[in-house]
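Each remark here refers to the structure printed beneath this line.
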Amino acid sequence: MKLYAIHAPRAAEAFAGPEAARATRTGFSFAALVFGPLWLLARGLWLALIGYAVLASLVVLAFRDGWLRLSAAALLFALAHLYLAVEGRGLRMRARWRAGRPLVDVVHAHSALEAEKIYLERALAAGGAPTTRAEAAGAADVIGLFPEPGR
């Protein structure tokens, strides 16, 4: 079984609900190890792709000007691809968080579809499943700057 992180839209959005959740697999990505920048492009991780392109350009320039040997440049590219393989899915999770889909649950499942189904069942059993900590604490009853309901 694999571990999936479930991301859902913030509750302030009108269409937010447990059925709008999306699952992202966590862990090592072999495709990111082999394909690197193409994997970033396919996942829409533009900031990471720009960072990769800048660093790759610096390595190529350093090799061309004689500051690096071919073996050192190849090692730097291999390390960059290894970093993407280990942290690539984490980059994708942070991109979803920045897009307004914070982490709401973690699920063990065989596939992303099964993970979304398990989360939906949990959310419906919990009575709608609040998607943020503020909703879980009952922020609607809080008035003022301090979290004291009823005051």
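So if I check each of Glu87, Glu114, which one is over 30 Å from Ala125 (Cβ atoms), surrounded by 15 or more Cβ atoms within 10 Å (Cβ to Cβ) and charged (D, E, K, R)?
Being over 30 Å from Ala125 (Cβ atoms), surrounded by 15 or more Cβ atoms within 10 Å (Cβ to Cβ) and charged (D, E, K, R) holds for just one of Glu87, Glu114, which is Glu87.
Restricting the search to helices (runs of 4 or more DSSP H) fully inside region 1-94 and requiring at least 1 residues that are of a type in the set (D, E, K, R) and modelled with pLDDT of 90 or more gives 37-43, 46-64.
For region 117-140, the candidate set comprises residues that are at pLDDT below 55 and not aliphatic (A, V, I, L, M); within that set, the residue that is surrounded by the most Cβ atoms within 10 Å (Cβ to Cβ) is Thr131. Considering region 93-117, and only residues there that are of a type in the set (A, V, I, L, M) and within 13 Å of the chain's Cα centre (by Cα), the residue that is nearest to Phe28 (Cα to Cα) turns out to be Met93. Applying a threshold of 6 Å to beta carbon distances and a minimum spacing of six or more residues, or different chains, the list of pairs starting in region 46-74 at a residue that is within 30 Å of Arg94 (Cβ to Cβ) and ending at one that is of a type in the set (S, T, N, Q) and assigned to a helix (DSSP H, G or I) is empty. So, of the residues in region 95-111 that are in contact (Cβ under 8 Å) with a residue 40 or more places away in the chain and in a helix (DSSP H, G or I), which turns out to be surrounded by the most Cβ atoms within 10 Å (Cβ to Cβ)? Across region 95-111, the extreme among qualifying residues is Ala95.
The values are calculated or read from the model by the stated rules, or taken from the named source; none is laboratory data. Model, not experiment: these values are computed from the prediction. So basically every Cβ, Gly included, is an ideal-geometry build from the backbone, and we count neighbours across all protein chains shown.
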